[in-house]
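Every number in this text was worked out from the coordinates using simple rules, so none of it is lab data. Keep in mind it's a predicted model, so treat the numbers as computed, not measured. Using ideal geometry, Cβ is built from the backbone for each residue, glycine included, and neighbour counts are taken over all protein chains shown.
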Amino acid sequence: MRVIGLMSGTSYDAVDAAACDLEVLAGDGVLHLTPLGMVSEPYPEGLRRALAAALPPSATTLAEVCRLDTHIGQAFGRLAARADQELCDGQAELIASHGQTVYHWAADGRVHGTLQLGEPAWIAEATGRPVVSGFRPRDVAAGGQGAPLVSLIDLMLLRGRPGVPAALNIGGISNVTVVPHSGDPVAFDTGPGNALIDAAVRELSGGRLAYDEDGALAAAGQVHPALLERLLAEPYYRLPAPRTTGKELFHEGYLRSRLTGFGPLRPQDLVATLTRLTARTVADALRPLGATEVFASGGGVRNPTLTGMLRAELGGAAALRTSEELGLPAAAKEAYAFAVLGYLTLHGLPGNAPACTGAAGPRVLGSITPGSRPLRLPAEPATVPRSLSVRAPVPR
């Protein structure tokens with residue numbers, strides 16, 4: 001089956017579309033993924049500004065939520081149609097859309113609700129293909145955190161590797177999945193990935209810059225020990241797994257409150273300190289779990305200062321690699337992951353890993369919006385796939 005996965009993460013800077021062929025061969029229990037490529041488009045500037053203005057801790061209105069739901073759905077639909085033509089030769093059979101997370105209602109160690117915008121009807125209209133969307137709420141309704149949902153794909157990729165392998169995604173928020181020698185796997189959000197770094201860069205540059213390109217600011221600065229100590233005192237880092245968070249906690253106002261009393265700091269020192277915070281909290285999360293290799297993906301992988309700090313924090317205990325070594329490009333891994341989750345949903349198969357999210361059990365995730373033709377669900381595979389094999393990309 002030819003599937004397109006759509007994703008926009010907590011940095012809300014662009015929409016990514018990754019296309020792949022997926023099939024389960026009779027009797028082998030393996031889902032085979034052949035990457036077909038990725039396309040990406042930034043949100044239109046007006047939409048990005050409107051989205052930023054509506055996100056916590058800002059107030060918004062139902063009218064604005066409706067407008068965002070429509071405009072995000074249209075942006076996803078345009079990119080899905082482009083991906084179908086450019087990557088799939090017009091032969092895509094399914095679109096899987098994560099949507100744009102705008103609120104993750106976490107309190108008292110539980111997630112009570114989660115909201116992703118991007119109305120799937122617009123995607124179905126733009127492409128004529130069925131759309132699977134709304135992946136997270138079912139896991140939440142079953143008592144789970146609704147995240148990280150990519151942990152199931154991580155488990156399918158990492159099972160059978162030597163040592164204690166781990167997957168790390170550094171987006172606006174960082175999350176990890178760890179497969180121990182024995183016992184259940186573990187997955188959770190470690191804390192801010194790029195969220196606080198990006199917030200500082202936007203504020204320091206008066207909005208001219210959206211992020212620390214190539215980690216240049218952090219590389220030119222020095223870590224402020226007292227500020228780092230204050231930031232590390234955040235109670236979230238001591239919550240037990242599974243735990244999830246978002247920009248509801250780690251936002252510009254949070255950063256301003258933590259800077260109170262420190263006086264003026266050199267911009268590069270502030271960015272260096274926040275970069276070290278991300279590296280430290282990721283390493284602190286992985287160390288007790290005994291990770292021996294870490295496969296990183298997400299936008300943070302493009303920041304060499306951050307990855308250098310993370311290597312230093314991990315020391316010799318764990319080798320830092322990228323998801324390319326598992327066959328999935330670091331920039332496209334999450335979009336491919338949701339393509340897999342969409343495939344599982346259409347085939348009536350669970351898409352969550354209860355040990356990782358805390359859900360009461362396996363659940364088929366999401367809702368299906370029919371395309372331009374009558375919806376016909378495929379038969380459930382005779383063998384439920386437990387592992388994921390990534391084949392060499394198809395040359396174009």
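Excluding Y211 itself, calculate the net charge of residues whose Cβ lies under 12 Å from the Cβ of Y211, where each Lys or Arg counts +1 and each Asp or Glu counts -1. Show your work: numbers first, answer last.
Numbers: positive: R202, R208, R302; negative: D13, D198, D212, E213, D214.
Surrounding charge for Y211 is -2.
Charges at C-beta only: +1 for Lys and Arg, -1 for Asp and Glu. How large is the resulting dipole of segment 101-161 about its Cα centre, in Debye rounded to 20?
Numbers: 6 positive and 5 negative charges, 54 e Å.
That gives a dipole near 260 debye.
Excluding A166 itself, calculate the net charge of residues whose Cβ lies under 9 Å from the Cβ of A166, where each Lys or Arg counts +1 and each Asp or Glu counts -1. The partial results should precede the final answer.
Numbers: positive: none; negative: D154, E293.
After counting each charged neighbour, the total is -2.
Post the alpha-carbon centroid distance, segment 4-64 to segment 137-173, in whole angstrom.
When both Cα centres are located, 17 Å separates them.
Using a simple spin-label model with points 7 Å from Cα along the Cα→Cβ vector, what separation in nm is obtained for E325 and A226?
Here the modelled spin labels are 4.0 nm apart.
Taking the chain as a Gaussian network, Cα atoms linked when under 10 Å apart, which of A52, A379, A360 shows the biggest mean-square fluctuation?
Evaluated over the chain, the most mobile residue of the options is A379.
Report, in deg cm²/dmol and to the nearest 500, the calculated mean residue ellipticity at 222 nm for the chain, where each DSSP H run with n ≥ 4 adds -39500 (n - 2.57) and the sum is divided by the residue count.
Numbers: 13 runs with 139 residues, N = 396.
Rounded to the nearest 500, the figure is -10500 deg cm²/dmol.
Which entry in [x] 172; [y] 185; [z] 137 matches volume of the Cα convex hull per residue in Å³ derived from the coordinates of this structure?
Recomputing volume of the Cα convex hull per residue in Å³ here gives the entry labelled [z].
State which helices in the chain qualify, where a helix is a whole DSSP H run, it must extend 27 Å or more along its own axis by its Cα atoms, and its mean Kyte-Doolittle hydropathy must be at least -1.0.
Helices meeting the criterion: 62-88, 267-286.
How about segment 162-254: which trypsin sites (Lys or Arg not before Pro) there lie in a loop by DSSP and see at most 16 other Cβ atoms within 10 Å? Don't skip to the end; give the middle numbers.
Numbers: sites: R202, R208, R230, R238, R243, K247; in loops: R208, R243, K247.
Hits after loop and neighbour filter: R208.
Grab the other residues whose beta carbon is less than 9 angstrom from that of G5, score K and R as +1, D and E as -1, and report the net.
Residues close to G5 contribute a combined charge of -2.
Rg to Rh ratio, segment 70-205, alpha-carbon atoms and Kirkwood radius? Write out the running numbers ahead of the final one.
Working: Rg = 17.6 Å, Rh = 17.2 Å.
Computed over Cα atoms, the ratio is 1.03.
To the nearest 20 Debye, how big is the dipole of the chain about its Cα centre, given +1 on the beta carbon of each Lys and Arg and -1 on that of each Asp and Glu?
On the way: 34 positive and 37 negative charges, 75 e Å.
The calculation lands at about 360 debye.
Given +1 on the Cβ of Lys and Arg, -1 on the Cβ of Asp and Glu, and no further charges, what dipole in debye does segment 278-396 carry about its Cα centre, rounded to the nearest 20? Don't skip to the end; give the middle numbers.
Working: 12 positive and 7 negative charges, 60 e Å.
Around 280 debye, computed over segment 278-396.
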